[in-house]
Amino acid sequence: MSYYINATAPAAPSPEQLYANIDFSKLSWMEQSWANWYLWIGNPILATGLMSFLVHEIVYFGRCVPWVIIDAIPYFRQWKLQPNKVPTPQEQWECTKLVLFSHFTIEAPLILLFHPIAESIGMATWQVPFPSWKLMLPQIAAFFVFEDMFHYFSHQMLHQGIFYKHIHKIHHKYSAPFGLAAEYAHPAEVLILGMGTIAGPLLYSYFMRDLHIFTVYIWIMLRLFQAIDAHSGYDFPWSLQHIIPFWSGADHHDFHHMAFVNNYSTSFRWCDWLGGTDTKYRAYRKRMDEAKKQAKAKGMTVDEWRAYEEKINAEEEAEGHKAEALVEASAGGKKID
Ligand SMILES: [Zn+2]
Ligand SMILES: [Zn+2]
């Protein structure tokens with residue numbers, strides 16, 4: 001694939017020159033649109049930056065819309081993990097404003113660096129055709145595994161004293177998260193945890209030199225879906241974790257927000273399982289499953305079951321508040337009550 005080598009060519013060719021040797025009739029619609037975008041913008045740095053920003057905004061808010069609708073329809077409460085804690089439109093709007101603020105103030109300027117960095121490590125950007133699915137799939141799988149591990153360790157760091165008190169506490173504002181809250185976080189947290197998403201492709205491209213930014217976009221889209229769905233607050237019978245047992249899903253991360261402890265990874269369950277940081281979560285799940293069985297045997301009504309579920313969740317949350325106070329106290333300041 002010679003075009004990857006061209007990516008680091010020293011002279012800056014005009015947009016038309018970039019595609020001088022490409023036969024457009026052999027390209028797919030997507031590849032033609034890709035090339036036309038770079039030709040239309042006329043500046044590869046701006047074209048990559050703008051596209052990266054748009055992909056993020058469209059996918060993030062586009063994925064959140066169905067969850068906002070689901071939150072507004074009482075029928076779906078039966079699958080809500082903390083059914084008594086449905087976000088109000090006001091809460092959702094407040095959350096959206098902060099997320100948008102950080103997208104425009106922190107992310108937008110940083111994204112302009114993406115093209116020069118990508119080119120310097122041999123990542124293809126404007127080039128067409130795209131790589132084959134056979135090359136893209138294992139790359140994306142590797143990024144998933146890398147991000148999950150990176151997040152597992154850095155998220156635990158964010159739960160320590162000063163890091164928690166000054167940075168991660170913002171993300172823990174919602175003990176019952178919702179889709180839009182996925183990126184509700186301190187700018188430093190966005191940078192630290194965002195590294196897990198970006199560093200995988202950067203390191204990979206640096207060593208392997210066969211990565212296209214199109215593959216990175218697909219990875220980022222999937223990662224956004226993962227993060228938003230994990231914060232959705234809903235566990236449907238058809239949710240991915242019931243199909244792929246090692247997938248974390250909302251059930252895993254909702255517990256982290258409710259109980260403050262356990263479940264530090266993102267996409268997969270294996271890091272927490274291996275690290276012993278899911279024991280409380282698994283005990284909770286077992287307790288809930290057994291209680292559900294007994295409730296069925298006793299012929300409990302839905303309302304009675306809800307009240308019982310709420311009671312157990314309130315206990316877990318109260319324990320979480322204590323654990324949170326301890327962490328904050330370790331950073332100095334707030335006293336334990
Ligand atoms: Zn956390
Ligand atoms: Zn979260």
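The values are calculated or read from the model by the stated rules, or taken from the named source; none is laboratory data. Quick caveat: nothing in here was measured; it's all calculated off a predicted structure. When we count neighbours, we look across all protein chains shown, and the Cβ atoms used for this are built from the backbone with ideal geometry, even at glycine.
Using the structure shown, decide if Tyr281 is without any contact (Cβ under 8 Å) to a residue 40 or more places away in the chain and within 16 Å of ligand 1 (Cβ to nearest atom). Reasoning before the result, please.
Details: without any contact (Cβ under 8 Å) to a residue 40 or more places away in the chain: yes; within 16 Å of ligand 1 (Cβ to nearest atom): yes.
Taking the combined requirement at face value, the residue satisfies it.
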If Ile198 meets every condition in (1) assigned to a helix (DSSP H, G or I); (2) in contact (Cβ under 8 Å) with a residue 40 or more places away in the chain; (3) away from ligand 1 (no atom under 16 Å from the Cβ) apart from one, which number is that one? (2)
Quick one: which of Lys165, Lys134, Lys97 is of a type outside the set (A, V, I, L, M, F, W, C), within 16 Å of ligand 1 (Cβ to nearest atom) and assigned to a helix (DSSP H, G or I)? Lys165
Among (1) under 22 Å from Glu316 (Cβ atoms); (2) more than 10 Å from ligand 1 (Cβ to nearest atom); (3) crowded, with 19+ Cβ neighbours inside 10 Å, the one test that Phe150 misses: (1)
Restricting attention to the range 67-85, the residues that are free of Cβ contacts under 8 Å to residues at least 60 places away in the same chain and surrounded by 13 or more Cβ atoms within 10 Å (Cβ to Cβ) number exactly 1
Of the residues in the range 178-215, those that are closer than 28 Å to Thr88 by Cβ, out of contact with any Pro (no Cβ under 6 Å at 6 or more places or on another chain) and of a type outside the set (Gly, Ala, Ser) come to Leu180, Glu183, Tyr184, His186, Pro187, Glu189, Val190, Leu193
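For every residue, the table says whether it meets (1) β-branched (Val, Ile, Thr); (2) touching a residue at least 40 places away in the same chain (Cβ under 8 Å).
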| position | (1), (2) |
| --- | --- |
| Gly233 | no, yes |
| Ile243 | yes, no |
| Lys296 | no, no |
| Thr301 | yes, no |
| Leu326 | no, no |
| Ser330 | no, yes |
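With the structure loaded, tell me whether Ala176 is farther than 30 Å from Met123 by Cα and either at pLDDT below 95 or surrounded by 20 or more Cβ atoms within 10 Å (Cβ to Cβ) (or both) or whether it fails that test.
yes
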Please go through the range 227-268 and give me each residue that is closer than 18 Å to Tyr184 by Cβ, in contact with a Ser or Thr (Cβ under 9 Å, 6 or more places away or on another chain), within 16 Å of ligand 1 (Cβ to nearest atom) and part of a helix (DSSP H, G or I), ordered by number. Ala227, Ala230, Ala250, His253, Asp254, His257, Met258
Would you confirm whether or not the range 33-50 contains a residue that is under 25 Å from the mean Cα position of the chain (by Cα), closer than 29 Å to Gln241 by Cβ and either surrounded by fewer than 13 Cβ atoms within 10 Å (Cβ to Cβ) or modelled with pLDDT of 95 or more (or both)? no
Looking at the range 109-128, can you tell me whether even one residue there is among the acidic types (Asp, Glu) and within 16 Å of ligand 1 (Cβ to nearest atom)? no
Could you say which residue among Arg223, Arg306 is out of contact with any strand residue (DSSP E or B) (no Cβ under 9 Å at 6 or more places or on another chain), in a helix (DSSP H, G or I) and either free of Cβ contacts under 8 Å to residues at least 24 places away in the same chain or farther than 23 Å from Tyr75 by Cβ (or both)? Arg223
Pair list, Cβ < 7 Å and 6+ apart or interchain, from the range 146-166 residues that are closer than 21 Å to Leu326 by Cβ and among the hydrophobic types (A, V, I, L, M, F, W, C) to residues that are within 11 Å of ligand 1 (Cβ to nearest atom) and in a loop (DSSP other than H, G, I, E, B): Leu158/Ile167
